[in-house]
Amino acid sequence: MSFQQGLSGLNAASKNLEVIGNNVANANTVGFKQGQTQFADVYASSLNGSGSSQTGIGVQVAQVKQQFTQGNITTTNNSLDLAINGGGFFRLSNDGNISYSRNGQFQLDKEGFIVNAEGQRLTGYTANAAGQVATGVATDININTQDLAPRASAAVTGLVNLDSRKDAMALAGFDPEDPTTYHHSTSVSVYDSLGNSHTLQNYFVKTAPGEWSVMTTVDGTPSAYTPPAAPVATATMSFSGTGVQPTINPATPTVNFTVATGAAPLAVTVDLSGSTQFGANFSVNSLTQDGYGSGRLAGFDIAADGMIVGRYSNGQSANLAQVALANFVNPNGLRSLGNNVWAESSTSGAALVGAPNTGSMGVLQSSAVEDSNVDLTAELVNMITAQRVYQANAQTIKTQDQVLQTLVNLR
């Protein structure tokens, strides 16, 4: 026995206690991955080769290996908090310097970038004006707070039931201001190219058994006719004896209006092909249109695939960006930089960047964070074991000292 073995054991046990202490200290650190001390024995090189009489000269710390196991996920009240369930890391940029983290505690800075507590920007893929995301090169995510541009209405789709029991009347007497000159009417709001709302109203006049004429106005202005002298129907609907699938002429009627707001003229198709004629009261079963006015950004949500979807005051939604994740062939080769971030290294391999829920990437959970994966109970037990190992190695040094003292005292 020599002091070498005991001294190496003390150093190794001390290093192990440091790792355990660091794990315990970070038990509440979001996204922290616990370390594990791995040891290796030490033997002196011999020119005579190995033999049964070889005695080891101690122990050494082979590596401190981080355990990239999944931590528990805890919900929060911040919609920008993100947790990764599965593989991958958040890709962060600091003036072009890229680092990686499992800590998903994010917020918006004054410029609209999604940043962590150190000001590093979350990266991903931006969306164009049409909400389409191109997964090319990941860039800093910036939330566009501009108003959502309006969309002019181009189509109205209605499903109505026309009462077959109604008596026919002459179309020539139609007047939109006189409810006795038509049988039924519907109205829906449509939007021009500037986002201004207009009321489009359809009037239904039964002219013969199974025959109906449809007249249309926008903001009370008739389309393509001058009532009541010479009305021209927007479309005619002819029902067979079953009262379904009417023949409509023209097949896709289009009404054109010039609006007084300075917007482009409205050209709206009216689709009533799913309507019926039954012996029941008039009813509107569905009436939709495809336009909307401008809207302010009211908030946004982040989906499991990383898509950031903006919610607007006009009830619309639009894709703003998509969060990118990165993964590595050897995550244990990453170089720790502190502050819950790692850097790529030659042993980790190049970063594999992609959208969440693709390849080896996990899925995202919004309004949630990933807890530290430290098991406090296990760490406290490991601490007791490491303490005993330290004491035992100290005892070997004490014993060696006593042996030497005995030798010194020989006469």
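The values are calculated or read from the model by the stated rules, or taken from the named source; none is laboratory data. Model, not experiment: these values are computed from the prediction. Please note: Cβ atoms are built from the backbone with ideal geometry, for glycine as well, and neighbour counts cover all protein chains shown. SASA here: full protein model, heavy atoms, side chains in, ligands and nucleic acids out. Shrake-Rupley method; radii C 1.70, N 1.55, O 1.52, S 1.80 Å.
Exactly one residue out of T242, T247 is farther than 17 Å from V214 by Cα and surrounded by fewer than 17 Cβ atoms within 10 Å (Cβ to Cβ): that is T242. Check whether at least one residue in the range 381-402 is free of Cβ contacts under 8 Å to residues at least 12 places away in the same chain and either open to solvent by less than 60 Å² (accessible area, probe 1.4 Å) or under 23 Å from G131 (Cα atoms) (or both), and report yes or no. No, the range 381-402 contains no residue that is free of Cβ contacts under 8 Å to residues at least 12 places away in the same chain and either open to solvent by less than 60 Å² (accessible area, probe 1.4 Å) or under 23 Å from G131 (Cα atoms) (or both). If you filter the range 345-365 down to residues that are in contact with a helix residue (DSSP H, G or I) (Cβ under 6 Å, 6 or more places away or on another chain) and surrounded by fewer than 18 Cβ atoms within 10 Å (Cβ to Cβ), you find that the one that is farthest from I308 (Cα to Cα) is T347.
In the set (1) on the phi > 0 side of the Ramachandran plot; (2) in contact with a Lys or Arg (Cβ under 7 Å, 6 or more places away or on another chain); (3) not β-branched (V, I, T), the condition left unmet by N357 is number (2). For the range 322-333, indicate whether the set of residues that are over 30 Å from Q63 (Cβ atoms), modelled with pLDDT of 95 or more, open to solvent by less than 60 Å² (accessible area, probe 1.4 Å) and not in a loop (DSSP other than H, G, I, E, B) is non-empty. Yes, some residue in the range 322-333 is over 30 Å from Q63 (Cβ atoms), modelled with pLDDT of 95 or more, open to solvent by less than 60 Å² (accessible area, probe 1.4 Å) and not in a loop (DSSP other than H, G, I, E, B). Counting only strands (runs of 3 or more DSSP E) wholly contained in the range 243-303, the ones carrying 1 or more residues that are on the phi < 0 side of the Ramachandran plot, in contact (Cβ under 8 Å) with a residue 24 or more places away in the chain and of a type outside the set (A, V, I, L, M, F, W, C) occupy 254-257, 266-271, 276-278, 283-289, 297-302. When R102 is tested against (1) in contact with a Gly (Cβ under 8 Å, 6 or more places away or on another chain); (2) open to solvent by 80 Å² or more (accessible area, probe 1.4 Å), just one condition goes unmet, and that condition is (2).
Quick grid of which residues meet (1) among the β-branched types (V, I, T); (2) modelled with pLDDT under 95; (3) under 30 Å from G362 (Cβ atoms):
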residue: A263; (1), (2), (3): no, yes, no
residue: V284; (1), (2), (3): yes, no, no
residue: L287; (1), (2), (3): no, no, no
residue: G299; (1), (2), (3): no, yes, yes
residue: S346; (1), (2), (3): no, yes, yes
